[in-house]
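Nothing in this text is a laboratory measurement; each read-out follows from the coordinates by a stated rule. In this text the structure is predicted, and so the values were computed from the model without any measurement. Here the Cβ is made from the backbone with ideal geometry for all residues, glycine too, and neighbour counts use every protein chain on show.
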Amino acid sequence: MQNADEAPDCCIPLSRSAAKRPGTILALPDEDPLTLALAPPIDETPEQRQAREAEEAEAKRVSDEIDEQIRREKENEKKKKKPVKLLLLGASS
């Protein structure tokens, strides 16, 4: 039988010290901690979900816009003519 302070056998705490704190999120051994950190709250209301999804959509739009701008800048750099460097050898008179 387990103490109340111990994590269930199926789960592992996200950190060693977290196992003793109440309200600690426990991860299944095969789950990525980053995925758990980015997951929506369990008690999220429909209004909160809608607001979160709208914020995520706006952040994605801005990110895509930045990516497109970077792609265009790289494309423009490739189109520019590179300076030609000449090395002149020989004696000067």
GLU47/LYS74 FRET efficiency (R0 35 Å; Cβ-Cβ; nearest 0.05):
0.25
How much net charge surrounds LYS79 when only the other residues with a Cβ under 12 Å from the Cβ of LYS79 are counted, with Lys and Arg +1 and Asp and Glu -1?
+3
Which order do LEU34, LEU88 fall in if you start with the one that has the fewest other Cβ atoms within 10 Å?
LEU88, LEU34
